[in-house]
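Trainee: Structure incoming, see below.
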């Protein structure tokens, strides 16, 4: 099990959080608290935050923080993917990094830092919201039936 491999104790809240994140990537802590409570009954908000902190520190979970939005969590780690966030509804989707060497890790002036990760967030409007944006005529885009915020979705 992933928890043991990361040298973490296997507890019901940890297992529940990992299972919920597997089925609902990009969930925020409040959503996870409600989902874990449905699974386990009484679990404190602090317990879920403690689990998220431990899982993130162990590298089993990635935390992203889109500006103006609550932190989100996912189990997709270690592959240098990025995210797209809808400015209207807040839906979050995955965007794979360019193939080959990760170009975003080559900073023009790293100022002495050794860079090991880049976090890129693309902003725009999802397929469900973009028709409501004045001046947007992308409704004929064949990808418009997809919604990047759908759990597990990826944007090509």
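Trainee: Residue separation times 0.36 nm, minus the C-alpha to C-alpha distance between residue 37 and residue 11: what's the value?
Mentor: Numbers: separation 26, 0.36 × 26 = 9.36 nm, distance 1.43 nm.
Residue separation times 0.36 nm, minus the Cα-Cα distance, leaves 7.9 nm.
Trainee: Using the beta-carbon distance between residue 63 and residue 88 and R0 = 22 Å, what value does 1/(1 + (r/R0)^6) give for FRET efficiency, to the nearest 0.05?
Mentor: Working: r = 23 Å, r/R0 = 1.06.
So, using R0 = 22 Å, E works out to roughly 0.40.
Trainee: Here is a further query. Just for the Cα atoms in region 2-64, what are the lengths along the principal axes, largest first, rounded to whole Å?
Mentor: Dimensions of region 2-64 along the principal axes of its Cα atoms: 27, 24, 20 Å.
Trainee: Counting other C-beta atoms within 10 Å, which of 84, 133 has the fewest, and how do the rest follow? Can you show the working numbers first?
Mentor: Details: 84 22, 133 13.
The most exposed by this proxy come first: 133, 84.
Trainee: In percent, how large is the relative contact order of region 1-97, given Cα pairs closer than 8 Å and 6 or more residues apart? Spell out each step's value before the answer.
Mentor: On the way: 112 pairs, mean separation 23.8, N = 97.
Normalised by residue count, the contact order of region 1-97 is 25 percent.
Trainee: Ok, one more. If neighbour count is taken as other Cβ atoms inside 10 Å, put 128, 65 in order from fewest to most. Can you show the working numbers first?
Mentor: Values: 128 18, 65 11.
With the fewest neighbours first, 128, 65 line up as 65, 128.
Trainee: For the pair residue 117/residue 76, report the inter-label distance in nm, with labels modelled 7 Å from Cα in the Cβ direction.
Mentor: So the label points at residue 117 and residue 76 sit 1.5 nm apart.
Any read-out appearing in this document is the output of simple, stated calculations on the displayed coordinates, not a laboratory observation. Note that the coordinates shown come from a computational prediction; the quantities given were computed from them, not determined experimentally. Here the Cβ is made from the backbone with ideal geometry for all residues, glycine too, and neighbour counts use every protein chain on show.
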